[in-house]
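Take a look at the structure below.
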There are 2 protein chains.
Amino acid sequence: MAKELKNLTKRSENYSQWYNELVVKADLAEQSAVRGCMVIKPYGYAIWEKMQRTLDEMFKKTGVQNAYFPLLIPKSFLCREAEHVEGFAKECAVVTHYRLKNDPDGNGVVVDPEARLEEELIVRPTSETIIWGTFKNWIHSYRDLPLLVNQWANVMRWEMRTRMFLRTAEFLWQEGHTAHATAEEAEARTVQMINLYADFAREQMALPVVVGVKSETERFAGALNTYTIEAMMQDGKALQSGTSHFLGQNFAKAFDVTFINKENQAEYVWASSWGVSTRLMGALIMAHSDDNGLVLPPRLAPIQVVIVPIYKNDEQLKAISDKIRPIINELEGKGISVKYDDADNRRPGFKFADYELKGVPVRLAVGARDLENGTIELMRRDTLEKETMPIEGIADHIESLLNDIQANIYKKALGRMNENIHEVNSYDEFKEKIENGGFMLCHWDGTPETEARIKEETKATIRCIPLDREDEEGVCMVTGKPSKRRVIIARSY
Amino acid sequence: MAKELKNLTKRSENYSQWYNELVVKADLAEQSAVRGCMVIKPYGYAIWEKMQRTLDEMFKKTGVQNAYFPLLIPKSFLCREAEHVEGFAKECAVVTHYRLKNDPDGNGVVVDPEARLEEELIVRPTSETIIWGTFKNWIHSYRDLPLLVNQWANVMRWEMRTRMFLRTAEFLWQEGHTAHATAEEAEARTVQMINLYADFAREQMALPVVVGVKSETERFAGALNTYTIEAMMQDGKALQSGTSHFLGQNFAKAFDVTFINKENQAEYVWASSWGVSTRLMGALIMAHSDDNGLVLPPRLAPIQVVIVPIYKNDEQLKAISDKIRPIINELEGKGISVKYDDADNRRPGFKFADYELKGVPVRLAVGARDLENGTIELMRRDTLEKETMPIEGIADHIESLLNDIQANIYKKALGRMNENIHEVNSYDEFKEKIENGGFMLCHWDGTPETEARIKEETKATIRCIPLDREDEEGVCMVTGKPSKRRVIIARSY
């Protein structure tokens, strides 16, 4: 393993390969036997669980309740909303039969042709259709609104080119679906949730993001408006990390969901939907990690502190363990997760490299001499700085250090992002700068044609119209036509 | 709703219909548009989440880690273990295509015949095969063992007759999969987990269970031994509520998973798997509820205490709310979940009936006269007893009352179970008694033939060979052949 670690490709050599190797070497995930589907390993899943728990609490505080809807969607449901099916039809896993049988020719087990479904079922790529089909039974009067529902689920989109966490045929996510009496309320919820995602990214993942609105071309299939958080990876590419959609009355009309308003009249219901997925794992890994492995923000690290005793014999180990035990208790009392690794089948140097690879934020090492001196060696993963410190008061020090590390990782990522956002005023300048990555703030004439041309010629797409920028008169960098504000254009994952 | 409540079928009239109605009327779940699949509604899902959280903590305390494996299993994987595929082939949802397209004849969207998968994929009915296919990469040496993995997931078994929670085509569950160096260790884990399930059922669900071993016929497909917890419903039928399987080396052999032991020799790995599902929701509902609706044990109730103010005007409501606010804070400070229902669009009587239907363990009602007298009306759901009490010290009283209710619900269910376990010594007696439900303790000659005959003639099956009973010499009630211990035979869900 120590050898394998040394073999981790450097980011500067091949960023993409560095990522693929890191996912596997840090024990986060691996390819499965099923095309485009990954296995999320325990260490990776523990990070996802921490994300889930925090997001779930944040959702519930805003009044959202969890529920569960079927995995399989009748084909006719998917087809009810025209743009929606257009957007997903090309990547649907389709269940056509419900039974296997022994091959009459003796070639093992085959699909039983007699068990063909009357109507094909689609493994959900997203659940708007089955959920709005259900909401029809739940919504009758304005008193039933707003309806705020979320589900944690697996979904499937048959992508041709897959990469672990970033784009997989099956992925885990949450999808929120809300129903409202007015357009204003539905759009306010849409914005509330994209801001919740931005807060989560910044505060928990230490991930700076730009909040914005998608262009029409990049909208969710069936939405009137899609909000997004866009993060910048270390290679300057954008990663769409969460989206929130204002669906208008499209799904209410498709599934005939009306409510009786206070004036006793029937109206179609207004909707939002919003989701983040295991793709966030990809963002987390790519945004902070270095050539030694993962760098995890303490709030999402399954192990926040690892303690490695350095000993020559059982007597030394016992003396160290006796000294360390109360420190572990003190740390755990503060809600800090600690691993004491006294395994005797791996050398300390090997352990150090392994915990660096796994991104444990703080590493302590204690040897016999430390015991004599009342000291301990502390290393912080984000800066790789080592320090020998008094063992007295170490738990308090670590508590505040973890906050420092969290803040420092965010600051570093924010600095990197801000350095790589450029205002660009000509298409030539754009073409030159885009080669080095980064977010380009450009004037665009607002047409899908210009958008398509930029994409074709530079492989860059309009990531979003950022919400936090003032309007600014200008001219489109490609066509010279008037533009009222700058948009962010970048290459992306 | 109050009217609907009155319409709840009585258990004595039609137990089965009572259950089906209760699931819907208490807002736990409903049928979906997809055959045999249900929608778990927010109130039902909140109960499931409480179960999940507690079970998850219990698993982790025994060293188990969560992970996630693909939803879809290649057909060839399913077929590697002969008994396993035999057991599941007849109820498999099969994915055969990965794309839809516009119908060239203009009839909407159809499956694209050109997007046929080379190998069909099965929606997992359980994950032994895909997991053991993965374990092959994870296990090399005895140092990699034991491997203790669990996943929370959806699974699919295409059942012909479905009932919400009890038997649905898709259900939610956890499946634990462990790998060990020795048969003894794997079997010890199998037993540890069935006992964990029994503890969970008794302590959290207030559900008494019999722990036992399945007969060969009733074993999990691919197991050497299946342990079960069997609960008794109010109609005397058994409900298999959780199982734990000793898999021997069957899956290790099927997927060629070996490890190098301490003597440096390659050996096949030993395995267990174990699971509980949303079926537990069915057990919970059926075991405790009454003709007024759900009865929930406090530890799993999403709302433990509901407070209903009874007022004629805003002034009264304000006075009541001012009095109640500190009580709510005190209860919440004790970790008790409270709902204060001051909605003005439903009358108190309606609210009372609704919270009874939903099984909220404790209901408080406060009116103007109570304020004057310093009293509060308290009703406990399990006994429906009402009492007027001093408002002073009510939070402490409720804290201990919730424990009493939890204990009382268990005691009641345990009493009912014990009353309906009968030692039966002749087949005639058996046939007569089984008509009234209950668990029959019978001698059985241990043959599948006798087992099949009992099932055919009485619709009863061998639920388990209970672990906590002494061996006892006897003769089979059907054939008169010798028997060494009694087994439990019952009709079941």
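The values are calculated or read from the model by the stated rules, or taken from the named source; none is laboratory data. The model shown is predicted, which means the values in this text are computed figures rather than measured ones. Note that each Cβ is placed from the backbone with ideal geometry, even for glycine, and that neighbours are counted across all protein chains shown. With ligands, DNA and RNA removed, areas are computed over all heavy atoms of the protein, side chains included. Shrake-Rupley method; radii C 1.70, N 1.55, O 1.52, S 1.80 Å.
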Handout entry: Heavy-atom surface of region A:203-358, accessible at 1.4 Å and reported per residue (Å²)
Key = 36 Å²
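Provide Rg over Rh for region A:25-157; use the alpha carbon set for both Rg and the Kirkwood Rh (inverse mean inverse pair distance). Don't skip to the answer; put the middle values down first.
Values: Rg = 19.3 Å, Rh = 18.3 Å.
Value, to two decimals: 1.06.
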Fill in the blank from the handout: Karplus-derived 3J(HN,Hα) from phi for region A:178-194 (6.51 cos²θ - 1.76 cosθ + 1.60, θ = phi - 60°), whole Hz, x at Gly and Pro, runs 10, 10, 9, 7, 9, 4, 4, 5, 5, 5, 4, 5, 4, 6, 4, 6, 5
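Near A:ASP256, within a Cβ-to-Cβ distance under 11 Å, what is the net charge of the other residues, with Lys and Arg +1 and Asp and Glu -1? Provide the component values of the computation, followed by the final result.
Numbers: positive: A:ARG80, A:LYS136, A:LYS253; negative: none.
Neighbour charge sum, excluding A:ASP256 itself: +3.
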Practice task
Enumerate the aspartates and glutamates that B:LYS412 could reach by cross-link, defined here as Cα to Cα under 19 Å, with residues fewer than 8 away along the same chain left out.
Solution key: B:ASP199, B:GLU203, B:GLU230, B:ASP235, B:ASP290, B:ASP291, B:GLU356, B:ASP382, B:GLU385, B:ASP404
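Do any GluC sites (Glu not before Pro) in region B:260-343 lie in a DSSP loop with no more than 11 other beta carbon atoms within 10 Å, and if so, which? It would help to have the intermediate numbers written out before the result.
On the way: sites: B:GLU263, B:GLU267, B:GLU315, B:GLU330, B:GLU332; in loops: B:GLU263.
Hits after loop and neighbour filter: B:GLU263.
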Exercise for the section: Pull up the cross-link candidates among the aspartates and glutamates for A:LYS455, meaning alpha carbon to alpha carbon under 15 Å and not fewer than 8 places away within one chain. Expected result: A:GLU216, A:GLU218, A:ASP428, A:GLU432, A:GLU435, A:ASP445
Completion exercise
Hull surface over four for the Cα convex hull of the protein assembly as shown, reported in nm², is 46.7 nm²
Handout entry: Reachable lysines from A:LYS253, criterion Cα separation under 26 angstrom, eight or more residues apart if same chain
Key = A:LYS75, A:LYS90, A:LYS136, A:LYS214, A:LYS262, B:LYS41, B:LYS101
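On a 18 Å Cα-Cα criterion, which of the cross-link pairs B:LYS431/B:LYS459; A:LYS10/A:LYS358; A:LYS60/B:LYS358 come out too long?
Details: B:LYS431/B:LYS459 10 Å; A:LYS10/A:LYS358 16 Å; A:LYS60/B:LYS358 20 Å.
Table pairs above 18 Å Cα-Cα are A:LYS60/B:LYS358.
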Practice task
Leaving ligands, DNA and RNA out of it, work out the accessible area of A:HIS140 with a 1.4 Å probe and give it in Å² to the nearest 10.
Solution key: 110 Å²
Practice task
Sticking with the crude label model, points 7 Å out along Cα→Cβ, report the distance from A:LEU414 to B:GLU267 in nm, one decimal please.
Solution key: 5.6 nm
Fill in the blank from the handout: Log entry, pair B-A: total buried accessible area, probe 1.4 Å, protein chains only, in Å² rounded to 100, is 5200 Å²
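Around A:GLU456, with a cut-off of 14 angstrom between Cβ atoms, what is the net charge of the other residues, counting Lys and Arg +1 and Asp and Glu -1?
Details: positive: A:LYS431, A:ARG453, A:LYS455, A:LYS459, A:ARG491; negative: A:GLU449, A:GLU451, A:GLU457.
Around A:GLU456, the charge tally is +2.
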Fill in the blank from the handout: Applied in sequence order to region A:466-482, the curve 6.51 cos²θ - 1.76 cosθ + 1.60 (Karplus, θ = phi - 60°) yields integer Hz couplings, x standing for Gly and Pro, of x, 6, 8, 9, 6, 4, 7, 5, x, 10, 4, 5, 9, 9, x, 6, x
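Work the Kirkwood hydrodynamic radius out for region B:55-99: mean of 1/r over every pair of different alpha-carbon atoms, inverted, in Å. Don't skip to the answer; put the middle values down first.
Values: mean 1/r = 0.0743 Å⁻¹.
For region B:55-99, the Kirkwood estimate is 13.5 Å.
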Practice task
Compute the label-point distances linking B:SER492 to its equivalents in the other copies; points lie 7 Å from Cα along Cα→Cβ; give nm, one decimal, shortest first.
Solution key: 5.2
Handout entry: More than 16 angstrom apart: percent of Cα pairs within region B:340-395
Key = 46 percent
Practice task
Indicate the gyration tensor shape class of region B:115-258 (rounded, prolate or oblate), computed on the Cα atoms with a ≥ b ≥ c the square roots of the eigenvalues: a/c under 1.5 is rounded; otherwise a/b larger than b/c is prolate and the rest oblate.
Solution key: oblate
Practice task
Quote the accessible area belonging to A:TYR98 in square angstrom, nearest 10, computed with a 1.4 Å probe and with ligands, DNA and RNA left uncounted.
Solution key: 40 Å²
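Using DSSP loop states and a limit of at most 16 other Cβ atoms within 10 Å to flag trypsin sites (Lys or Arg not before Pro), what is the longest stretch of chain A containing no flagged site?
Values: sites that count: A:LYS10, A:ARG161, A:LYS262, A:LYS312, A:LYS334, A:ARG346, A:LYS459, A:ARG469, A:LYS484, A:ARG485.
Counting only loop sites that pass the neighbour cut-off, the longest clear stretch is A:11-160.
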Handout entry: Value of D in µm² per second that Stokes-Einstein yields for chain B, Kirkwood Rh from Cα pairs, at 4 °C (1.567 mPa s)
Key = 51 µm²/s
Handout entry: Sequence of B:TRP444, A:TRP18, A:TRP270 from largest to smallest accessible area, 1.4 Å probe
Key = A:TRP270, B:TRP444, A:TRP18
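Taking a cut-off of 12 Å, what percent of all Cα-Cα pairs in region B:74-121 are separated by more than that?
68 percent
Compute the normalised compactness of region A:110-167: alpha-carbon radius of gyration over 2.2 N^0.38 Å, N being the residue count. Walk me through the numbers before you get to the answer.
Values: Rg = 17.2 Å, N = 58, 2.2 N^0.38 = 10.3 Å.
Here the answer is 1.67, to two decimals.
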Problem - Gyration tensor verdict on region A:1-69 (Cα atoms; rounded if a/c is under 1.5, prolate if a/b is larger than b/c, oblate otherwise) - result: prolate
Problem - For B:GLN65, residues with placed amide H under 5 Å, excluding near neighbours - result: B:LEU148, B:VAL149, B:ASN150
Handout entry: Cα coordinate range in region A:253-316, projected on the principal axes (Å, largest first)
Key = 82, 29, 17
Exercise for the section: Would you kindly work out, in nm and rounded to one decimal, the distances from the label point of A:ARG161 to those of the same position in each other copy, ordered shortest first, with label points 7 Å along Cα-to-Cβ? Expected result: 5.3
